[in-house]
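Bear in mind that the values in this text are calculations on the coordinates, not laboratory data. Note that this is a predicted model, so its numbers are computed, not measured. For neighbour counting, all protein chains shown are included, and Cβ atoms are generated from backbone atoms with ideal geometry for every residue, glycine included.
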Amino acid sequence: MGYDLSMRVWRGDVDGGALADFTVPVEEGEVVLDAIHRLQATQAGDLAVRWNCKAGKCGSCSAEINGRPRLLCMTRLSEYDESETITVTPMRTFPVIKDLVTDVSFNYEKAKEVPAFAPTAPDADGKRRMSQVDVERGQEFRKCIECFLCQDTCHVVRDHEENKPAFAGPRFFLRYAELDMHPLDTNDRRKLAQSAAGLSMCNITKCCTEVCPEHIKITDNAIIPMKERVVDRKYDPLVWLGSKIFRR
Ligand code: SF4
């Protein structure tokens, strides 16, 4: 059964903006992106929204729904009461370009700072070998779709623009961990993760893990192991604390 959805959508650009109220007819089984598309098609033709696959795999339609970082295409309207007003705003951590579209180039700059994979010399037969357990460990990290919702929710940069130069963020701690745990990589990324990428600024609150649409255990499987690799446990109370609290 369809119904009329009350929506508040942020409209504006780099010079500022405000929430605008809309009523949008929606159908059973639809997601928030469907409502946004219908709004765009019928009432607000110039509404800017970035999207691509509509299947939770391209990481393009990241935004905030009722203040929580979410993919618009993976958030079902049935999660909300039909009488509830759904508020859709752009990711807060990145500069707005227009409406729901933000400039996420911060992340691409941080990506450039991660040294590329540098493999060991091949064996005598020209092949490189690694054990299956090492292959499998990296699989979880490669599920990342670069939606940057973890970057958006991270309190180190969310309201602290001044921290951005010194902090790479959870998505890139994942990348550092993936490469550092790779048995064939010759780079030692531990010092870089700690100094240039600001690993020590992370106090493992797990907000990044909670918003990841790929359910990657960013904190437990990447950040805490990287912290453990960087410093000795007894000198880092956060590492000790992380090993004590319930792992999700
Ligand atoms: Fe998105 Fe998860 Fe990748 Fe972060 S780790 S960018 S939340 S898919």
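Odds and ends about this structure:
- The order of the peptides 87-93, 11-17, 66-72, 127-133 by mean Cβ neighbours within 10 Å, most packed first, is 87-93, 66-72, 11-17, 127-133.
- Scalar couplings 3J(HN,Hα) for the range 146-154, obtained by applying the Karplus form with A = 6.51, B = -1.76, C = 1.60 to θ = phi - 60°, are 6, 7, 6, 5, 5, 5, 5, 7, 5 Hz; x denotes Gly and Pro.
- Nitroxide proxy distance, nm - points 7 Å out along Cα→Cβ at Ala48 and Met130: 3.9 nm
- Note, ³J(HN,Hα) from phi for the range 35-50, Karplus 6.51, -1.76, 1.60, rounded to Hz, x at Gly and Pro: 5, 5, 5, 5, 4, 5, 6, 10, 10, 9, x, 9, 5, 8, 8, 9
- A cut-off of 5 Å between modelled amide H atoms, ignoring neighbours fewer than 5 places along the same chain, links Thr87 with Arg8, Asn66.
- Spin-label pair Asp15/Ala166, simplified geometry with 7 Å Cα→Cβ offset, distance in nm: 3.6 nm
- Residue-averaged 222 nm ellipticity for the chain, from DSSP H runs of 4+ at -39500 (n - 2.57), nearest 500: -8000 deg cm²/dmol
- As an equivalent ellipsoid, the chain spans semi-axes of 38, 19, 17 angstrom, where each value is the square root of five times an eigenvalue of the C-alpha gyration tensor, largest first.
- Kirkwood radius and radius of gyration were both taken over the C-alpha atoms of the range 3-102, and their ratio Rg/Rh is 0.92.
- Integer Hz, Karplus 6.51/-1.76/1.60 couplings in order for the range 202-214, x for Gly and Pro: 7, 10, 6, 7, 6, 4, 5, 4, 5, 9, 5, x, 8
- Rounded Å value of the spacing that divides the Cα centres of the range 85-148 and the range 181-233: 13 Å
- Whole-angstrom Cα spans of the range 104-246 along principal axes, big to small: 53, 36, 28
- Charging the Cβ of each Asp and Glu at -1 and of each Lys and Arg at +1, and nothing else, the dipole of the chain about its Cα centre rounds to 1100 debye.
- Per-peptide average of other Cβ atoms within 10 Å, ordering 166-177, 111-122 highest first: 166-177, 111-122
- Inter-label distance, nm, simple model (7 Å from Cα along the C-beta direction), Thr120/Leu184: 1.1 nm
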